Structure formats: structure tokens, C-alpha cells
Amino acid sequence: MAPRFTVIQGGLSGRPEPRPTQAPDRPSVMRVDLHRPGGVDADAISAWRAMLVRNAVTDPLRDPDHLLPLAQHRPAGRRVAVALAWSHDVETGREALHGVVPLAMPHPVWGGGARPWQPVESEAAALVEQAAAEAVDRALRARLAALRRPIRLVGAVEPVGIPVANRPALAASRRAWSRPVPSERLMGVRPVGWQTPASEMHAVTAPDAVRDAVETFLTLDARTAERPIIADPAEASLVRVVSRLFARRGALRVEFLRRAGAIVAGTLHLGTGAASVPWRRA
């Protein structure tokens, strides 16, 4: 009797098995941390900047070096807390930042709700990714409701949009007071050689020279502005801190206009390249 054989098919089969077109989503958990503006650590700031790059946000006014000092020195009478929304991958343990929402917190006595903080200088302070907007909103509301004194969130957390191309001059945001003295009674002091002034523009970008340039700018502003920056300690601290932080990364440019040997105008620019914006003018 001929022996029986069992054939075991190996290698490639005649019909290839279909491959999944998309890997299944990994389970993740959204967590929201609340910090004071001065309590956001370096790791969170690095993740913040990485999120700016991912979402092609080049506006320097939404950089943590601007928003955190702004919330700390000029909160407009409200306590500001910074909410950071993280996703935690259950399988890999990795975390990713998907939302930064500065919040104007309620009064500790009178209460009320928390609102997304809206600084005067920029159009929006919150930075929330489009794909995670709903999850960030739910996690933020749950986090505020779980506090020892539950707080409700007033308004919705808007995802990041397309930056506005034509931004108005930020220096114009400071309200100008009209002079009570008639113009025909004003006197000006002109430097020697004003009849044929030769104007020249000088820019300072070197980190070791920026500090002195900022102080020169503040001195010029104190001489010429109706509301000098140094007259408001919070505003002066804000300008010095933001200038130092941006200069440390090579993202600050101080421009001076000289005429007849004297400095007659100055501008502080935040950012680099095409994303640079005039932040303060004198």
C-alpha cells in the first residue's frame, strides 16, 4: 500500500491576504494640568513650541516667551491660570501636548466662571489643535469641575486658526491721550544740523548688545511718549522680560532711526524673518 502523505502549504499562498489600510487607533487618555504663568516648566515650553511648529503657527505673540510674561505682568485685573492638555498613550506611555488654554480665573470671593483669557495685544491666546479640540474642551471642563471649589468654563475653547496676515501695529494698542495744550503753543528742541537732516537706520540683534539697546529704547520712550512705558512698573517689567527671553533665542531686533546724530525713533521687533512683528514703538 502506498504511504499517505500530508501536504502542508508553506511560503506565500496563491492569494495574498488583505493588509489593513490603517492601523487601529491606540487608546489614549487626555489630561489637563493647571499652572500659574510662572510655573510652566521647560519641558512644557518645549512641547508648546513643538505644537506651534506642527500647526504652522509663526506668530511670535503666541510664543510662550511672550504669552507667559504677559499673563504674569499684565493680567488685566484677573488671575490667569495656564491649562495644558496632554494625551497619554496607554500602550507606549508617551505624552503629547495638544492644547494650551490661558484662563481668566474667577474672583476668589465673588466667584463666577473661568473664561479663555483674551490679552489686549493679540487676537487669541489659546492654542488648541483642530483634531483634538473637542477632547481638550471636554477634559478642561472636567478638570475645572473636579477642583475643590468646582469652576464652570464660560464659552468654548476655539481651535487654532489661520494667522491674520495684516496685523495692526501693536504700539497703537496703547490708548493715546490728547494733549490739552494747543499745538501753536508747543515748543520743540531741535538738534544742531536739523535743517539738512540725514536719516540712518541702525539695527541691534546681538544678544550682548540688546539689553543696552532696550534701555536706550525705554529712555527714548520716556522722553517722547505721552504715556511712558517706565511709568508703569508692570509694563516696564514686561518689556524687559520679553525682550530678554526673545534675545536669548536670537529672535529680537531693536531698530533705531538716527537723524542729525540723535535717535528720533525706535522699534522692538519680535520674531525672525517674515514672521517678525513690531511689538513696541517709540
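Output the number of the condition that residue 82 fails; it satisfies all remaining conditions of (1) surrounded by fewer than 19 Cβ atoms within 10 Å (Cβ to Cβ); (2) touching a helix residue (DSSP H, G or I) at 6+ places or on another chain (Cβ under 7 Å); (3) part of a strand (DSSP E or B).
For residue 82, the exception is condition (1).
When you scan segment 39-62, how many residues do you find that are open to solvent by less than 20 Å² (accessible area, probe 1.4 Å) and either of a type outside the set (A, V, I, L, M, F, W, C) or not in a loop (DSSP other than H, G, I, E, B) (or both)?
Number of matching residues: 6.
Per-residue answers, yes or no, for (1) in contact (Cβ under 8 Å) with a residue 24 or more places away in the chain; (2) within 21 Å of residue 68 (Cβ to Cβ):
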| position | (1), (2) |
| --- | --- |
| 212 | no, no |
| 244 | yes, yes |
| 254 | yes, no |
| 257 | yes, no |
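Mind checking which residues of segment 223-282 are among the β-branched types (Val, Ile, Thr), open to solvent by less than 40 Å² (accessible area, probe 1.4 Å) and either within 18 Å of residue 37 (Cβ to Cβ) or assigned to a strand (DSSP E or B) (or both)?
239, 241, 242, 254, 263, 267, 277
Yes/no per residue for (1) closer than 25 Å to residue 278 by Cα; (2) assigned to a loop (DSSP other than H, G, I, E, B); (3) open to solvent by 50 Å² or more (accessible area, probe 1.4 Å); (4) modelled with pLDDT of 90 or more:
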position	(1), (2), (3), (4)
109	no, yes, yes, no
120	yes, yes, yes, no
125	yes, yes, no, no
140	no, no, no, yes
158	no, yes, yes, no
161	yes, yes, no, no
165	yes, yes, yes, no
168	yes, yes, yes, no
184	no, no, yes, no
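The values are calculated or read from the model by the stated rules, or taken from the named source; none is laboratory data. Worth saying up front: this structure is predicted, and the values here are computed from it rather than measured. Virtual Cβ from ideal backbone geometry, glycine too; neighbours counted across all protein chains shown. When the accessible area is computed, the model is the full protein with side chains, heavy atoms only, and any ligands, DNA or RNA have been set aside. Shrake-Rupley method; radii C 1.70, N 1.55, O 1.52, S 1.80 Å.
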